[in-house]
Structures are given as C-alpha cells and as structure tokens.
Amino acid sequence: MMKYKVKIENLNVVKEYEGVPLEVIQKDIEDQLPYPTYLAKLDNAYRALTHVLNHDCTIEFLDLRNNEAWLVYQNSLVLIFIKAIHDVFGKDVLVNVRNSLNKGLYITLNKRIYEDDVVKLTDRMHEIIEMDLPIIKEHATKDGALKIAKRGRQEELIKLIDSITNIDDVEVYSLEDETVVFYNLMVPSTGYIRLFEINLYRNGLILSFPHPGNPDKLVEYQEQDMLYAAFGEAARWGQLMNVNFVSDLNEKILYDNIDDIILMQEALHEKKISDIADMICERKARLVLICGPSSSGKTTFAKRLCIQLGVNGKKTLYMGTDDYYKEKSERVYDENGKPDLESIRAIDTRLFVEHINGLLNGEQVDLPTYDFNNSCKVYGKRITRLDKDTVIVIEGIHAMNSLLTEGIDDNMKFKIYISPFTPISIDHHNRVSTTDARMLRRIVRDYKFRNSEAQRTIDMWPDVRRSEDVNIFPYNSEADVFFNSNCIYELAVLKKYAEPLLKRIRRTEPEYAEARRMLNFLKYFDSIYDDSMIPNNSIMREFIGGSVLLK
C-alpha cells in the first residue's frame, strides 16, 4: 500500500503512514498530547477520526479546547444519551435538546423522570461507553432521511428535510439500533466519551460534560435560575410567533409572512425594554450597568433604554468604561508579557468610582476621553454635572464585576445582562448555538463597519470566547434582569451577508475549516433577501447597517 507523508502539527514532526484512518495516527501519538483528542484538522478542513488518509497532508489533532472538537464531544454524548433513553424507557420517549444551561445541555422528555430513573439512565450510558460501540456515519438520500425522521416522529425534521432543495443527501449516524440525523461530526466509537453527568433540573435534565477551559474534568454545577427564565421567555416568544424550529422560519419566508414576524419580534423587544425602564424607575436606581458577551447588541439596547427612560421623565447620561483604561505607564501585563487590555485590571476603577460618586452627588466632574492612539486619557472635553433625576447608563464587559463599582451605594445600581438567547432549533436533537449566532453577527459587522474580513473575525474568536469565560459569564448571576437580544428571524438575514464572506476563505487559509462549518450550518436556513422591513432602531441594524441610533 502506498505511503503518505504526514506533518503532525501537534508535534511538529513528519511521519509516513499508509492509507489508514486518522484514528490510527492519533493513537500512535496520543501519549505525547496534553489531552484526549476527538477530531482532526486535515489541510485546514475538519475531518472525523474515521477519515482515511489518501494523500500527503498536514494534520492537527484537536482536543476540547477547540470549539468544533467540543461540539463533536457534545453531539456524540447526545447520541449515547438518546440511545440510553430508548434502551431504558422505550422508543416512544422523545428527546428535546433545548439550550445550554448550567455548563451543560438542558434536555426535556415527553416523560416524567425521577431520581432512580437518572441512576438507571447513567448506568446504561456507562455500559454503552464501556462496550466501545462503533458510531457509524452514512449518507442517506432525502427520502431515506425522511423515513428516519418519520420513524422517530420528528415532525419538524420532516418539514425541514422536505423543504430543502440545495442538498442531495443527509448525514445519518447509527449506534446499534439507534439512527439519528446530526449536522456535525462524531467520534468513531462510544469509548471516546468518558466524562458526563446527569442531574434532574426543573422540568427536565442537565447533561453535563467538560468545558474547553478544563478539558479533563467536569465543570462544577452552577445554578442559573435567571438564565433558565431567560431561555423560557425566549421559548414563549417563539411560540407567540409560531416559530420553534428552522422549518417554521423557512415556511414564514416562503409564504411571505416574514414581515409580520419581524414586526412582532421588534414589538416584543420594545415592550421588554419599556418594562425594564419601568423597573429602574420603580427601584429609583441612578446607575444602570449593562453587560454581555461580544455582539450582543449592547450599544443599541443601551440607547433604546435611554429613550424609554426619557418616556418615564428621566434624563440620562450614556457612558462607556473604555474611557477609563489605565495610562500607558500604568498598564498591567498578562502571563505572556502582552498588555492586558481585557481584564478588570486594565480599568482605572478608583478614578471611575470617584467620578460616578461625584456625578451622583451633583458635583461637577471632568470626564475623560481615552486617546487610543497615545494610550492616555484626555480631559477638558466633557465637564459634566447631573441633576437628581438623571440616570447614568453604562455598558461594558466589566459592568457586572463588583470591583468596577466597589464603593458606590448598591441601592443606586441596576444591573442588566444582555445576550441573544436563540429560541429556535434545527430539530429536536440539533440546537442553534447562541455562540454561533453571535459570531455570525460579528463577521457581518466587522466587515461592514471595521473593514475586517471574515478570516480575521474567525481567527480572533477563540480569544474573544476565552475573555468572556473569565470576564463576563462568571458574573451574569449578579444581574437584576436578563434581556434577550435575539431576533428570531436574524439568521435568515445574516445568511445573505455572511455567506459570501465565508465563501471567500480559501482552502489554504487556517480559517477555512470554521468557515465551512458555518456554511454547512447556514444551508438549512432560507435567506431573507429584502430586509427593508427591519426598523432602523432594531438591534439587527447594529450589525447589518442602517441604524438611526449609531450614527
């Protein structure tokens, strides 16, 4: 058999192999890798470990620190979970993977589950894993996939497959007698999945697994009641609009009902913002702190909130925390010797608290403007004094961190966490990731307003995520209220803008694999080509342009 030269990026070595599955190479070097790996990147394209080598190439084996490998682990775990559910409780039990929650997946069933059921389910999953059963990938025709969907009584999957015209086959995965449609890659066999935990939660279950920040251990369970309520509200909004799955959205686009969906979504946002403004006034809060991950729509939300506070008779002062970056001479550095511009240490919190307290006390304050070219604050341009009815509205990544506002009366504060909680799923087993929705928003915005190609956004996204894990997500429980900035129609709009940018990325570029993953995800959405019905104060306008609030 012919031998091929393989450069293994992880070890920076070149070895020769015959036409073997990538799993053989992985097992050959696994003792030299820091963590178990679940996926390969072959010549800048994601490949399952079952992929057979057929040419000279460069390979990087990916562990859970890589987002796509993390998704491979999740999908494989969900397949094992579905198999165990049906083995223990019967094929009539319908599994619905709803959203990310408590560092795991929140899953509901059409059956009541008790503690002893969780024990049986966990034991069965361990048995399946110990048997190291093969997970077999096949390509089914649309008709074949429809038969699988009908057998599983998945009406939304039937509608989706039936409506898609741009695919000839559908990827199907089998685990013994369990055959399921999935849209991402899987591990070769069940033995790869070692770490998981199941806990009862509200009306369903939490299926927990390792996090990219700690690939070799389960994440400590964190109660997230407010996040659960936010996802519940998102689900209710979806029900109001009769859009629960991608097939529902595609149907609205096909039959010219999308304008009504756009207007209802915007009305729901406006009502929620109005309700939050009422809460702030009832609380008599003077300092509103808005925090959320990248591309949540913080700026548009903050300005719309200022308008609603004005309706309540309140004057507002809008501020950002970027103007309180430390001077160049005061900078702190990270473990790699680079300026640390992401952590709370980069902010002059002492000066910030001094200025906010001064404003709240009616004093005249010389607010700085940060000159990023010279890394220093500039004074004399914003000398400000507030009256007692003025509300200070601040948005920034550290707004929830108590260190930012330590020394300011807590009774004065009202904290808002904002994120686009996606209420629709592709089908019962395949959810739409909030993180993917945010990255698509940012790809479009960076290109339109920052002259930055999709490659650049994709390249920096892992660093953005790591910063969020440290500086944002640990503090969301501090919020008084969550605001869901998702527009239920948005992926159908973003597709029109993002697809051409993703298609420009060439196979020779490192970002190609992620671009192809996003394109494969977007193919299930019909496009909204005419977005003129989207109001000019919509959060979506922050990303696609035409905002009256961001001139």
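The values are calculated or read from the model by the stated rules, or taken from the named source; none is laboratory data. All of these numbers come straight from a predicted model, not from anything done at the bench. Here the Cβ is made from the backbone with ideal geometry for all residues, glycine too, and neighbour counts use every protein chain on show. Surface accessibility is based on the protein's heavy atoms, side chains included, excluding ligands, DNA and RNA. Shrake-Rupley method; radii C 1.70, N 1.55, O 1.52, S 1.80 Å.
What list of ³J(HN,Hα) couplings, whole Hz, do you get for region 73-90 from phi and the Karplus terms 6.51, -1.76, 1.60, once you set θ to phi - 60° and write x for glycine and proline?
For region 73-90, the Karplus curve yields 4, 4, 4, 5, 5, 5, 4, 4, 4, 4, 4, 5, 4, 6, 5, 8, 10, x Hz.
Tell me the angle of helix 142-151 to the major Cα principal axis of the chain, expressed in degrees between 0 and 90 and rounded to the nearest ten.
80 degrees
Of all beta bridges DSSP finds with both residues in the chain, what is the antiparallel percent, to the nearest 5?
Close to 70 percent.
Of Ala149, Thr349, Pro134, which is farthest towards the positive pole of the chain's charge dipole, taken about the Cα centre with +1 and -1 on the beta-carbons of Lys, Arg and Asp, Glu respectively?
Value: Thr349.
Excluding ligands and nucleic acids, what accessible area in Å² is computed for Arg350 using a 1.4 Å probe, to the nearest 10?
Arg350 has an accessible surface of roughly 150 Å² with all protein chains in place.
Using every alpha carbon pair in region 3-44, what percent of pairs falls into each 5 Å bin from 0 up to the bin containing the largest distance?
Pair shares across the bins are 5, 20, 36, 29, 8, 1.
What number comes out for the charge environment of Gly358, summing +1 per Lys or Arg and -1 per Asp or Glu over other residues with Cβ under 12 Å away?
Values: positive: Arg385; negative: Glu354, Glu363, Asp366.
Around Gly358, the charge tally is -2.
Keeping all protein chains in the complex and leaving out DNA, RNA and ligands, what accessible area do you get for Trp70 with a 1.4 Å probe, in Å² to the nearest 10?
Solvent-accessible area, nearest 10 Å²: 40 Å².
What are the ³J(HN,Hα) values, in whole Hz, obtained from phi via the Karplus relation 6.51 cos²θ - 1.76 cosθ + 1.60 with θ = phi - 60°, for each residue of region 465-471 in sequence order, with x given for Gly and Pro?
4, 4, 5, 5, 4, 8, 9
Straight-line reach from Lys448: which lysines fall under 27 Å, measuring Cα to Cα and dropping same-chain residues less than 8 apart?
Reachable lysines: Lys298, Lys303, Lys495, Lys496, Lys503, Lys523, Lys551.
log₁₀ I(q)/I(0) of region 119-257 at q = 0.15, 0.17, 0.19 Å⁻¹, via Debye over equal Cα point scatterers, no solvent, to two decimals?
Ignoring solvent entirely, the Cα scatterers give -1.09, -1.23, -1.27.
Restricting everything to alpha-carbon atoms, can you work out Rg to Rh for region 38-80 with a Kirkwood hydrodynamic radius?
Numbers: Rg = 11.0 Å, Rh = 10.9 Å.
With Rg and the Kirkwood Rh in hand, the quotient comes to 1.01.
Can you list residues from other chains, or at least 5 along the same chain, whose modelled amide H is less than 5 Å from the amide H of Asp340?
Val332, Tyr333, Asp334
Compare the peptides 285-295, 86-96 by average per-residue count of other Cβ atoms within 10 angstrom and give them in order, highest first. Write down the numbers at each step before the final one.
Values: 285-295: 23.9, 86-96: 14.8.
Ranking, from highest mean packing down: 285-295, 86-96.
Which semi-axes, in whole Å and largest first, does the equivalent ellipsoid of the chain have when worked out from the alpha carbon gyration tensor as the square roots of 5 times its eigenvalues?
42, 28, 23
Of all alpha-carbon pairs in region 175-324, indicate the percentage at a distance above 25 angstrom.
Working: 6395 of 11175 pairs.
The answer is 57 percent, as a whole percent.
FRET efficiency for Asp259 and Val311, Cβ-Cβ distance as r, R0 = 30 Å, nearest 0.05? Provide the component values of the computation, followed by the final result.
Working: r = 26 Å, r/R0 = 0.87.
Plugging the Cβ-Cβ distance into 1/(1 + (r/R0)^6) gives 0.70.
In bins 5 Å wide, starting from 0, what share of all Cα pairs of region 318-428 does each bin hold, as a percent?
2, 10, 19, 21, 17, 12, 8, 5, 4, 2, 1, 0
Dipole of the chain, Cα-centred, from +1 at each Lys and Arg C-beta and -1 at each Asp and Glu C-beta, to the nearest 20 debye? Each step should come with its number before you reach the end.
Details: 72 positive and 86 negative charges, 281 e Å.
It comes to approximately 1360 debye.
Among residues other than Glu282 whose Cβ falls under 14 Å from its Cβ, what is the net charge (Lys/Arg +1, Asp/Glu -1)? Walk me through the intermediate numbers first.
Details: positive: Arg283, Lys284, Arg286, Lys314; negative: Asp275, Asp278, Asp480.
Taking every other residue near Glu282 into account, the sum is +1.
Could you tell me the convex hull volume per residue, in Å³, taken over the Cα atoms of region 1-80? Before the final figure, lay out each step's value.
Numbers: hull volume 7.3 nm³, N = 80.
Cα-based convex hull of region 1-80, divided per residue, equals 91 Å³.
Compute the FRET efficiency between Asn96 and Val14 as 1/(1 + (r/R0)^6), taking r as their Cβ-Cβ distance and R0 = 51 Å, and round to the nearest 0.05.
Values: r = 47 Å, r/R0 = 0.92.
Efficiency for this residue pair is about 0.60.
Can you give me the angle between helix 258-283 and the longest principal axis of the chain, using Cα atoms only, in degrees from 0 to 90, rounded to the nearest 10?
Between helix and principal axis, roughly 50 degrees.
What 222 nm value per residue comes from the helices of the chain, counting each DSSP H run with n ≥ 4 as -39,500 (n - 2.57) and dividing by all residues, nearest 500 deg cm²/dmol? Could the numbers behind the result be given before it?
Details: 15 runs with 207 residues, N = 551.
After summing the helix terms and dividing by the residues of the chain, the value is -12000 deg cm²/dmol.
Rounded if a/c is under 1.5, else prolate if a/b is larger than b/c, else oblate: which is region 34-145, with a ≥ b ≥ c the root eigenvalues of its Cα gyration tensor?
Because a/c hits 1.5 or more and a/b exceeds b/c, region 34-145 counts as prolate.
Any idea what angle helix 490-503 forms with the longest principal axis of the chain, computed on alpha-carbon atoms, 0 to 90 degrees, nearest 10?
It is inclined by approximately 70 degrees.
In a shell of Cβ-Cβ distance under 11 Å around Tyr333, excluding Tyr333 itself, what net charge do Lys and Arg (+1) and Asp and Glu (-1) give?
Details: positive: Arg331, Lys338, Arg345; negative: Asp334, Glu335, Asp340.
For residues surrounding Tyr333, the net value is 0.
Which far-off residues, 5 or more places away or on another chain, put their amide H under 5 Å from the one on Val95, with H placed in the peptide plane?
none
What whole-number value in cubic angstrom gives the convex hull volume per residue for the C-alpha atoms of region 178-254? Could you put the intermediate results ahead of the total?
Working: hull volume 13.6 nm³, N = 77.
Taking only Cα atoms, region 178-254 has a hull volume of 176 Å³ per residue.
Once the cut-off is 18 Å, how many percent of the Cα-Cα pairs in region 216-287 end up in the long-distance tail?
Numbers: 1515 of 2556 pairs.
So the pairs more than 18 Å apart make up 59 percent of the total in region 216-287.
Rg to Rh for region 390-456: what is it, with Cα atoms only and Rh by Kirkwood? Intermediate values should be presented prior to the final figure.
On the way: Rg = 17.5 Å, Rh = 15.5 Å.
Expressed as Rg/Rh, it is 1.13.
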